[in-house]
1. Give the residues of the stretch 22-44 that are more than 17 Å from Phe420 (Cα to Cα), surrounded by 15 or more Cβ atoms within 10 Å (Cβ to Cβ) and modelled with pLDDT of 90 or more, sorted by residue number.
2. Please specify each residue of the stretch 90-121 satisfying the condition of being at pLDDT 85 or above and of a type in the set (S, T, N, Q).
3. Take the conditions aliphatic (A, V, I, L, M), closer than 28 Å to Asn328 by Cβ and crowded, with 20+ Cβ neighbours inside 10 Å and apply them to Leu221. Does it pass?
4. Determine which member of the set Ser258, Ser293, Ser228, Ser299 is modelled with pLDDT under 90 and outside any loop (DSSP other than H, G, I, E, B).
5. Taking the stretch 388-431 as the search range and keeping residues that are among the basic types (Lys, Arg) and surrounded by 15 or more Cβ atoms within 10 Å (Cβ to Cβ), which one is modelled with the highest pLDDT?
6. Which of the numbered conditions does Gly245 fail, given that it passes all the others? Conditions: (1) touching a Phe, Trp or Tyr at 6+ places or on another chain (Cβ under 6 Å); (2) over 23 Å from Leu356 (Cα atoms).
Amino acid sequence: MANIIRTGGNSASVNVFCQPEEPHVKDGIWLQMPERPASFKCNMRKHFSFLGQFLGPTGYKSCLMGSETYGDTYLHYPTFLWRPFVGDNSIFFVTNEQEFDDVSQDSQRYYHIVYLYKFNMQTKKFEKQTLFNEHYSASSNYIWHCYAGANAFEYNDSFYIFAHFEYYKKKDGEIKDSDTICLAKKLDKSGNELDSSTSTTTKIPKDKFIIGCVKNTLYALEAVTWTSSSYVVSATELYKVSLDGFKTTFTKVATLPSVYASQNFISIVDDNIYFASNKTLIKYNTLTNTSTSITAPASFSVICNVEDNIFMTDISNQTKSTFLFNVNTEIFTPVVHEDSHSYFRYSMACIDKEQLLIFPPLYNRKNTSIAADENDLNVTAFELKNSPLPENTVAIEDKINYDAILYSSLDKSLNLRSWFDHVWFYKDGKYQTYPTYIGDGTQWVKIRN
């Protein structure tokens, strides 16, 4: 049943349905609950939780991202880093590694490997899957070059992963051998493959780094230079990305101050993209195509959205510098917490239901001085506290992801569309989830299991 609301003496309906059977009306939101509640209220707001106390180590360890073989066999160059994908029951990590045999130039081999790590939120264990593994062997009789690239991002409630490897060799100024190998995959939020392609038309240029969505528009950076001694790529050019199947088209929209092309330095809130760069937070407004530099109290290596705030920390420091940046007031508030771990700088943070989790990855390198100790692989967490609501309340998260007709006049002459993301039913003091559908006027489309 849908609630009825009164506005200005006229009756209107809110198109939110909580029932087991499919509603006759095909507009709005449908929570497929096993029983129809006698009545319920709707509460739509941006946030239903806030950052709580630091919980410390969770008791389980992060994964070992990279080769399991220690020593001087390979040099590892992990290019772009991607924010974890939070799925239905797992958190997914994608890593991109380019490796060289540490042997003589005459027989050197070049590898490009893309891994998918799946962290099961019930078992608290990782599963590792090799998505892409290509290599090329050098020869002293030829001049040879290899190029590789990868991208991973979330779009329209699916996960996309791209990888490519290309090489050529020349002798006497002529190309004697060349090849381009590509892979593109589309996964659902359980990690199941929905579609894939090996066509060379799916190749994304190796210097393009897709950073995420503002509303329903993808954005990318063009990487230009490597920062000294850190393997982090800097960029200044920002692009819009159109996606047709697996084919991408890039259109330049802005030139930014130098920023890091790594998603653990990037946060997207409403219409703005925030880049952490040294002791500066660069805010790019996608509506006005303007950027603003905000002085930050520290240099941050991990940032993550927490409601109206951006959680920012230099997690690699022994004495942690952690702040919440309020996007409305643009004020930094320190978050004091005790944590003795010294994490590797490429740590990743994400929101998992009732916690903010920090995953410290460990890359094995020939230069072990920049690798974390395996004892510091403990996943740590901050508590997320939920705001209490009246019993039998449908909580609708006001964020830019999906849109639906939420309100209609009784004669259907007036419809009001609204953006939203997650939807819960608050009962017995808990936010409960159910299969969720959007009505587009003709059918119900499932968006949450």
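The values are calculated or read from the model by the stated rules, or taken from the named source; none is laboratory data. Quick caveat: nothing in here was measured; it's all calculated off a predicted structure. Neighbour counts run over all protein chains shown; Cβ positions are idealised from the backbone, glycine included.
1. Pro23, Gln32, Met33, Pro37, Phe40
2. If the condition is that a residue be at pLDDT 85 or above and of a type in the set (S, T, N, Q), then Ser90, Asn120 are the ones that fit.
3. For Leu221, the condition - aliphatic (A, V, I, L, M), closer than 28 Å to Asn328 by Cβ and crowded, with 20+ Cβ neighbours inside 10 Å - is met.
4. Ser258
5. By that ranking, first place goes to Lys427.
6. So the condition that Gly245 fails would be (1).
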